Amino acid sequence: MKATLLLSVLILGTAAADPQLSSWYTARSGSYARIYTSTGNQGTGTTSTTWSRGTGVQSSPVYAGLHEIDYSNDWVYIRTTGLAGHIMGPWYLDAAKSQNFPNFPANTATIYRIPRNPVIPPTTKTATGLGASGYYVNGVAMFDMRDAFSYSTSNGQDATPTNGITGDGIWNREAYHNESVTFDAGFAHQAGSQYHYHAQPPGLRYQLGDHVAYNASTNVYTEMPGLPTTHSPIVAWAADGLPVYGPYGYSDPNNASSGIRRMTSGFRLRSITTRTALPAWAQRVQNKTTLTASQYGPAVSTTYALGHYLEDYEYKGDVGFTYGTDFDLNEYNVRYCVTPEFPNKTWAYFLTIAADGTPAYPYATGRQYYGTPSGGAVGSISESVTTHWQGGPNKQETAESVTPSAANNDVEITWSAVEGGTYQITAGDTPSTDQNVSTPTLSGSDKLVYKDTGARASHARRFYRANRTALASFDSNGFNYTPPGGGTGGTVSFTFTFPTNPMLPPQNAITSITVGGVTTSITSYTQGTGSATLSFNNSTLSSGTAYPAILTFTPPGMTTRTVTSTNSYTR
């Protein structure tokens, strides 16, 4: 028996070769975002798709990460929930894990654009701001190395404008040093409800195959020993349009055959005991060559250890070391080099880590962008664009595998599906004679599996089709999605499946079939299989709500009976 699957192929033409379009991580787009709400739930592997804490309220499930990529001549646009496809959480405020982090993450409903034609070099360099300085390829925001606090000399403490005391903005607190205790296993947390990475994201790197191992039972990511054999993938795109790679690149920036090594940062900790002068790079960024006593930071101490502030680091190129010989990345954390996606060379940022995977300053981008950061979040797409890809509720189901069994003549088919979907599997010896054979539940969050028992013995060949018949309600904020028959409403056609035990009535004995109280017309009806294709007006039905069909009939000499379909229609 030969198993044949009906597949849809999307031809993207030359656009598919563009790394600004093809490097995004879309494998988990059909799955809900999930968190561990506590260490207890992490220990038992219990995840949540709805949650609430502080400003992070997710009352309905929402799809993880990216759900659309569009492009024009000048921009690449992504639509994202901002939530990772790896399990997020738990988060705490202390190493003892006794005090909860105040917020959970939530759907940010973000549209972010990245320039397709980076301006390099710009007339002047621009400092990174608070908030997203780009986006990782899984749709999670990339933040710089700061945590928004800076030292207030007059008050003798670190402060932000939100706590009633404004820091001086000269000695800026470093996020990984001060906040990593609040990071989850993926090295992220949330400001308000915006989940983001300050440093290298091992959860994403694991999903991309970038030399990271994962222990699912403990929810721990670790850097693999030794060196990888391949160049790191693109892990993010910065607001200036430059790629951000993982930590491993070619030994020779001009030679893709030169071997792989970990890229070395251009920064190191200063050897100081007082904070009365800025390092040269910070003088350039802040335009301050000398400080007055009212601008001094606190002396180095246990409370204010080296590394507490960005300005505790110095650029090696300012203190006698040579860029390209003694270290790989300049003060902007970029390198001009050959990469797999750019064989003719590009300026690119690289993640910086120590040999054990521990994040190393400056982590992703430098304190200033290398190019012009014209990208950023937008409220809407105001130009004509081409849609490169859609996921989430718009994800196209695809067949992943066919597994025949010689021992028992079974055939098992697996589709990549959409979590929350209800599916009808049909099979037939020709594409035009397929019949309903199963309404399976999803195996895992986004996998649909059907086993055709004994098919190899009874069929010379077989065609299988998976049809999504309904989709559960989800948080659609920010999604470019219209449920089937959506908009202002109109007449739609939909196939329902009814149970056949006890036997259904013949069609001429049916009193009515309604959907959400709306009377339908029967287009086709098969008594033996329980399949009924119905035509009805959906204008009075609520979007996002699942409606089964209700079949009513009165057997001779008996009271009226109703039968409810096993699947539902969602407008």
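The values are calculated or read from the model by the stated rules, or taken from the named source; none is laboratory data. Not measured: the values here are computed from a predicted model. Positions of Cβ are backbone-derived with ideal geometry, glycine not excepted, and every protein chain shown enters the neighbour counts.
A few remarks follow.
- Among the conditions (1) under 24 Å from T128 (Cα atoms); (2) without any contact (Cβ under 8 Å) to a residue 24 or more places away in the chain; (3) part of a loop (DSSP other than H, G, I, E, B), the only one that S271 does not satisfy is (1).
- Matching residues, segment 518-571, being in contact with a strand residue (DSSP E or B) (Cβ under 8 Å, 6 or more places away or on another chain), in a loop (DSSP other than H, G, I, E, B) and within 15 Å of P502 (Cα to Cα): T529, G530, T554, P555, T560
- Output for segment 361-383, where each listed residue is exposed (fewer than 15 other Cβ atoms within 10 Å of the Cβ) and in a loop (DSSP other than H, G, I, E, B): G379, S380, S382, E383
- Options T358, T352: the member that is modelled with pLDDT of 95 or more, surrounded by fewer than 21 Cβ atoms within 10 Å (Cβ to Cβ) and farther than 17 Å from Y135 by Cβ: T358
- Candidate set from segment 110-144 (those that are at pLDDT below 95 and of a type in the set (G, A, S)); member that is nearest to R79 (Cα to Cα): G131
- When segment 276-297 is filtered for residues that are assigned to a loop (DSSP other than H, G, I, E, B) and either closer than 19 Å to Y176 by Cβ or not assigned by TED's automatic domain parsing to the domain that holds A159 (or both), the ones remaining, listed by number, are P279, G297.
- Test: residue in segment 145-164 that is of a type outside the set (S, T, N, Q), surrounded by fewer than 21 Cβ atoms within 10 Å (Cβ to Cβ), in a loop (DSSP other than H, G, I, E, B) and assigned by TED's automatic domain parsing to the domain that holds R367: yes
Listed here are the residues, each with its yes/no results for (1) modelled with pLDDT under 95; (2) touching a strand residue (DSSP E or B) at 6+ places or on another chain (Cβ under 7 Å); (3) over 26 Å from F321 (Cβ atoms); (4) buried (at least 20 other Cβ atoms within 10 Å of the Cβ).
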| position | (1), (2), (3), (4) |
| --- | --- |
| Q190 | no, yes, yes, yes |
| S193 | yes, yes, yes, no |
| P201 | no, yes, yes, yes |
| I234 | no, yes, yes, yes |
| G241 | no, yes, yes, yes |
| Y250 | no, yes, no, yes |
| T273 | no, no, no, no |
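- Flag if T403 is in a strand (DSSP E or B), touching a residue at least 12 places away in the same chain (Cβ under 8 Å) and under 30 Å from N467 (Cα atoms): no
- Test result for V402, surrounded by fewer than 18 Cβ atoms within 10 Å (Cβ to Cβ), more than 30 Å from K451 (Cβ to Cβ), in contact with an Asp or Glu (Cβ under 9 Å, 6 or more places away or on another chain) and not basic (K, R): no
- For T218: the one exception among (1) assigned to a loop (DSSP other than H, G, I, E, B); (2) under 17 Å from L329 (Cα atoms); (3) of a type in the set (V, I, T): (2)
- The condition (being exposed (fewer than 14 other Cβ atoms within 10 Å of the Cβ) and polar (S, T, N, Q)) is satisfied by just one residue among N330, N344: N344.
- Exactly one residue out of N508, N467, N436, N480 is assigned to a loop (DSSP other than H, G, I, E, B) and among the polar types (S, T, N, Q), and it is N480.
- Test result for G307, in the same structural domain as G249 (by TED's automatic domain parsing), outside any strand (DSSP E or B), surrounded by fewer than 20 Cβ atoms within 10 Å (Cβ to Cβ) and touching a helix residue (DSSP H, G or I) at 6+ places or on another chain (Cβ under 9 Å): yes
- Within the option set R173, R205, being in the same structural domain as W281 (by TED's automatic domain parsing) and in a helix (DSSP H, G or I) holds for one residue only, R205.
- Only listed residue being touching a helix residue (DSSP H, G or I) at 6+ places or on another chain (Cβ under 6 Å) and not hydrophobic (A, V, I, L, M, F, W, C), chosen from R465, R461, R367: R367
- Residue in segment 283-294 that is of a type in the set (V, I, T), out of contact with any strand residue (DSSP E or B) (no Cβ under 6 Å at 6 or more places or on another chain) and closer than 29 Å to S258 by Cα present: no
- Residues in segment 84-112 that are farther than 21 Å from H177 by Cα, touching a strand residue (DSSP E or B) at 6+ places or on another chain (Cβ under 6 Å) and crowded, with 21+ Cβ neighbours inside 10 Å: F104, P105, A106, T108, Y112.
Here is a yes/no grid of residues against (1) more than 20 Å from S473 (Cα to Cα); (2) of a type outside the set (S, T, Y); (3) touching a residue at least 24 places away in the same chain (Cβ under 8 Å):
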| site | (1), (2), (3) |
| --- | --- |
| P505 | yes, yes, yes |
| T511 | yes, no, yes |
| V515 | no, yes, yes |
| T529 | yes, no, yes |
| L534 | yes, yes, yes |
| A546 | no, yes, yes |
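- Within segment 71-114, the set of residues being of a type in the set (V, I, T) and outside any strand (DSSP E or B) comprises T81, I87, T108.
- Within segment 372-412, the residues that satisfy the criterion of being over 18 Å from the mean Cα position of the chain (by Cα) and of a type in the set (G, A, S) are S374, G375, G379, S380, S382, S384, A399, S401, S405, A406, A407.
- When A427, A455, A460 are screened for being touching a Lys or Arg at 6+ places or on another chain (Cβ under 9 Å) and surrounded by fewer than 16 Cβ atoms within 10 Å (Cβ to Cβ), only A460 passes.
- Exclusive hit being in the same structural domain as L351 (by TED's automatic domain parsing), in contact with a Lys or Arg (Cβ under 9 Å, 6 or more places away or on another chain) and either polar (S, T, N, Q) or closer than 30 Å to W75 by Cα (or both), set P243, P253: P253
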